[in-house]
Amino acid sequence: MNYSPEQLDQIEKFASIYLKISDMAVILDIAPEQLRWDISQKDTEVSRRYYRGKAASKVKLLHQEMLLAQVGSPLAIENTHKNLLDMEDDE
């Protein structure tokens, strides 16, 4: 399916707040199965925009967690350690 620039912007924004694909589809008046399929096709612009929005918010959360770990939050330290291990596993 072809998505307008406005739809792509909305999908990226929605992904950045972790809105479910089924809810995005309702708002955009697209069949959820179609949107889910298009996002699953990694070479499409809609997929790139979806994952970029999601990753951008993930960066903010990881940054906040790192700040909390640096001031001594035990849970944040534990989570940051797990994030480091996940990062190293992905290398």
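The values are calculated or read from the model by the stated rules, or taken from the named source; none is laboratory data. Nothing here was measured: the structure is a model prediction, and the numbers come from that model. Counting neighbours? That spans all protein chains shown, and the Cβs are built from the backbone with ideal geometry, glycine included. Heavy atoms of the whole protein, side chains included, go into the accessibility calculation; ligands, DNA and RNA do not. Shrake-Rupley method; radii C 1.70, N 1.55, O 1.52, S 1.80 Å.
Given 0.36 nm per residue, what is the gain on full extension from ALA56 to ALA31 after removing their alpha carbon distance, in nm?
Values: separation 25, 0.36 × 25 = 9.00 nm, distance 2.56 nm.
Residue separation times 0.36 nm, minus the Cα-Cα distance, leaves 6.4 nm.
Within the set of other residues whose C-beta is less than 10 Å from the C-beta of TYR3, count the net charge using Lys and Arg as +1 and Asp and Glu as -1. Show your work: numbers first, answer last.
Working: positive: ARG49; negative: GLU6, ASP9, ASP38, GLU45.
Computed value for this residue: -3.
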Using only the Cα atoms, work out Rg/Rh for the chain, with Rh taken as the Kirkwood radius, to two decimals.
-> 1.11
Please give the solvent-accessible surface of LEU62 in Å², to the nearest 10, using a probe radius of 1.4 Å with every protein chain present.
-> 80
Counting only protein heavy atoms and rolling a 1.4 Å probe, one gets per residue an accessible area for region 30-84 in Å² of 70
Normalising by the residue count of the chain, find the relative contact order in percent from Cα pairs under 8 Å and 6+ residues apart.
-> 26
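For a Förster distance of 41 Å, can you work out the FRET efficiency between the beta-carbons of MET1 and GLN64, rounded to the nearest 0.05? Intermediate results must be reported in sequence, preceding the final value.
On the way: r = 35 Å, r/R0 = 0.86.
E between MET1 and GLN64, to the nearest 0.05, is 0.70.
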In Å, descending, principal axis extents of the Cα set of region 34-82 | 45, 14, 14
Electrostatic dipole magnitude of the chain [Cβ: Lys, Arg +1; Asp, Glu -1; Cα centre; debye, to 20] | 220
